[in-house]
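Undergrad: Before we start, here is the structure in question, set down as structure tokens.
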Amino acid sequence: MFEKANPDSVANWLGRPAMDGRELLEPINLIIVDEASSSEAQSRQRLIQAFTEAGFGPRLGHSSGYFGRMNGDFYPQTPTQNETAFADFMWVFTNNHARMFGPFNNNGNWVWIGSSSREKGTIHDYVSFKESRDRMSGFLVERAGLEYLGDFPLENVVNSSSQQTGDHDGFAKLLKIK
């Protein structure tokens, strides 16, 4: 996930350090493939419908305007509304939320990547990337009928003296919209 003001800069958690003082980078941890849609617009509509059915409809109160990068190109955030992300609760409560980017057309298949995270309360304290990714992907399968294709290794864990990716394990949940 890349910063809205500087698409060459990896997004960090609200521009503030984590509890240990290191910068908390927001990793990609979801990949969704749509093999059935005939257009970008249809794929976007199906993605929004799937998240809504899973209980993570677009909700106000979340930062927006970020980008994802696939095959060297930047893709804007979906949902596209200002200060909106896919989330299971209002921003004032502990919630799981995600921003999806794309779709990238890969030989007629529409590919979306996303960053899912869990935060606590009105000050948006970081809780977990892994817990949110697992909960969100599970509900997308159980409630919206997506197919789980496995864990996809992205090797995007950062753990240095100045930066980290929290509890992220380097894998994205790979799902398919049927």
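The values are calculated or read from the model by the stated rules, or taken from the named source; none is laboratory data. Remember, it's a predicted structure, so these values are computed and weren't measured experimentally. Counting neighbours? That spans all protein chains shown, and the Cβs are built from the backbone with ideal geometry, glycine included. The accessibility values were calculated without ligands, DNA or RNA, using every heavy atom of the protein model including side chains. Shrake-Rupley method; radii C 1.70, N 1.55, O 1.52, S 1.80 Å.
Undergrad: Among the residues of the stretch 144-166, which ones are touching a residue at least 24 places away in the same chain (Cβ under 8 Å), farther than 22 Å from M70 by Cβ and surrounded by fewer than 15 Cβ atoms within 10 Å (Cβ to Cβ)?
TA: G145, S160, S161, S162
Undergrad: Related question: Please give the number of the condition A11 fails out of (1) aliphatic (A, V, I, L, M); (2) over 21 Å from T122 (Cα atoms); (3) open to solvent by less than 30 Å² (accessible area, probe 1.4 Å).
TA: With respect to (1) aliphatic (A, V, I, L, M); (2) over 21 Å from T122 (Cα atoms); (3) open to solvent by less than 30 Å² (accessible area, probe 1.4 Å), A11 is out only on (2).
Undergrad: Quick check on E53: is it open to solvent by 40 Å² or more (accessible area, probe 1.4 Å), at pLDDT 95 or above and touching a Lys or Arg at 6+ places or on another chain (Cβ under 7 Å)?
TA: Numbers: open to solvent by 40 Å² or more (accessible area, probe 1.4 Å): yes; at pLDDT 95 or above: yes; touching a Lys or Arg at 6+ places or on another chain (Cβ under 7 Å): yes.
Here the answer is yes, as E53 does meet what is asked.
Undergrad: Condition test on Q45, is it under 16 Å from the mean Cα position of the chain (by Cα) and either in a strand (DSSP E or B) or not β-branched (V, I, T) (or both)?
TA: Considered against the rule, which asks whether it is under 16 Å from the mean Cα position of the chain (by Cα) and either in a strand (DSSP E or B) or not β-branched (V, I, T) (or both), Q45 comes out as no.
Undergrad: Has the stretch 93-105 got any residue that is in a loop (DSSP other than H, G, I, E, B) and open to solvent by 70 Å² or more (accessible area, probe 1.4 Å)?
TA: yes
Undergrad: Restricting attention to the stretch 14-32, report how many residues are part of a strand (DSSP E or B) and either in contact with a Gly (Cβ under 7 Å, 6 or more places away or on another chain) or surrounded by 20 or more Cβ atoms within 10 Å (Cβ to Cβ) (or both). Walk me through how you get there before you give the answer.
TA: Applying the first criterion (part of a strand (DSSP E or B)) to the stretch 14-32 yields 14-17, 23-25, 30-32.
Okay, now just the ones that are also either in contact with a Gly (Cβ under 7 Å, 6 or more places away or on another chain) or surrounded by 20 or more Cβ atoms within 10 Å (Cβ to Cβ) (or both), so 24-25, 30-32.
Residues that pass the stated criteria total 5.
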